[in-house]
Amino acid sequence: MSPSPHLVARGAARPRTLVLLLPGGRARSTAAAVPFGVAALRMVPFGRAVAGPGVAVWRLRYRYRGWNEPRRHPVADARWALAEAARRHPGVPVVLVGHSMGGRVALHTATEPGVAGVCALAPWIEPPDDALPIDPAVPLLLAHGDRDRVTDPAASARFAAVHGARFVSVPGEGHALLRHYRTWNRLVREFVGALVTP
């Protein structure tokens, strides 16, 4: 039996805004994603950073650890999560926050119904992604450490320039986002806070 995606839900039971956290992963792997892996745990502080009145925070656990081109398993999982959000909380806007592969997932689902904003942290971006359809009315933030050797800061800057999005470079930061964790938490908190429905 194939694994199923899973949501860890916290925060408001009847939210005005929902934040969907999208963790990183690997380029290729059909191993089942684990609930307490490093990629999943890295998203926990961002969930705490955005928690507040009227905000629900959902952390998605993918079926598989890998992106697995051309299947793009985590993109399908994120679409499932967005459909769940629409079913459980009709009309509630969803803000996507993704790290690494999760940032790429967020960019690939940015035009899905209900998405009100996308925050991509150290996203994994390949050149074809520059042609993704991005709605200019949906706020988009890409942030990347300038010492990242896992994903390419220049690719994030290029993507932001192509789509007229905001790009933030974090000096001295690598891929794990731990050296300047307060900066990352602040960026996410401020981005989401500006989109929280009153």
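Observations, loosely collected:
- Residue in region 31-52 that is surrounded by fewer than 23 Cβ atoms within 10 Å (Cβ to Cβ), in contact with a strand residue (DSSP E or B) (Cβ under 6 Å, 6 or more places away or on another chain), at pLDDT below 95 and within 22 Å of Val118 (Cα to Cα) present: no
- Selection of first residues in region 28-55 that are on the phi < 0 side of the Ramachandran plot and of second residues that are part of a loop (DSSP other than H, G, I, E, B) and of a type in the set (Asp, Glu), restricted to Cβ pairs under 9 Å at least 6 apart or on distinct chains, gives the following pairs, ordered by first then second residue: Arg28/Glu69.
Conditions tested, residue by residue: (1) over 26 Å from Arg72 (Cβ atoms); (2) not hydrophobic (A, V, I, L, M, F, W, C).
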{"position": "Val105", "(1), (2)": "no, no"}
{"position": "Asp130", "(1), (2)": "no, yes"}
{"position": "Arg147", "(1), (2)": "yes, yes"}
{"position": "Arg166", "(1), (2)": "no, yes"}
{"position": "Glu173", "(1), (2)": "yes, yes"}
{"position": "Tyr181", "(1), (2)": "yes, yes"}
{"position": "Asn185", "(1), (2)": "yes, yes"}
{"position": "Gly193", "(1), (2)": "yes, yes"}
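- Where a residue in region 59-85 is over 22 Å from Val44 (Cβ atoms) and of a type in the set (D, E, K, R) and its partner, wherever it lies, is open to solvent by less than 10 Å² (accessible area, probe 1.4 Å) and not in a strand (DSSP E or B), with Cβ under 7 Å and at least six apart: Arg79/Thr109
- Subset of region 139-198 (residues that are part of a strand (DSSP E or B) and either at positive phi or of a type in the set (S, T, N, Q) (or both)): Ser169
- Filter result (free of Cβ contacts under 8 Å to residues at least 24 places away in the same chain and open to solvent by less than 40 Å² (accessible area, probe 1.4 Å)) within region 159-198: Ala160
- Which listed residue, of Ser100, Ser2, is farther than 27 Å from Leu132 by Cα, open to solvent by 10 Å² or more (accessible area, probe 1.4 Å) and polar (S, T, N, Q): Ser2
- Checklist (1) open to solvent by 10 Å² or more (accessible area, probe 1.4 Å); (2) in contact with a strand residue (DSSP E or B) (Cβ under 6 Å, 6 or more places away or on another chain); (3) outside any strand (DSSP E or B) applied to Val57, failing item: (3)
- Matching residues in region 131-158 - criterion: being surrounded by fewer than 15 Cβ atoms within 10 Å (Cβ to Cβ) and over 24 Å from Trp80 (Cβ atoms): Ala131, Pro136, Ala137, Asp146, Arg147, Arg149, Val150, Ala154
- In a residue-by-residue description of region 64-78, the property of being more than 18 Å from Gly114 (Cβ to Cβ), open to solvent by 50 Å² or more (accessible area, probe 1.4 Å), assigned to a helix (DSSP H, G or I) and not β-branched (Val, Ile, Thr) applies to no position.
The values are calculated or read from the model by the stated rules, or taken from the named source; none is laboratory data. These figures come from a predicted structure and were not determined experimentally. Every residue, glycine as well, gets a Cβ built from its backbone with ideal geometry; the counts of neighbours run over all protein chains shown. Accessible surface areas use protein heavy atoms only, side chains included; no ligands, DNA or RNA. Shrake-Rupley method; radii C 1.70, N 1.55, O 1.52, S 1.80 Å.
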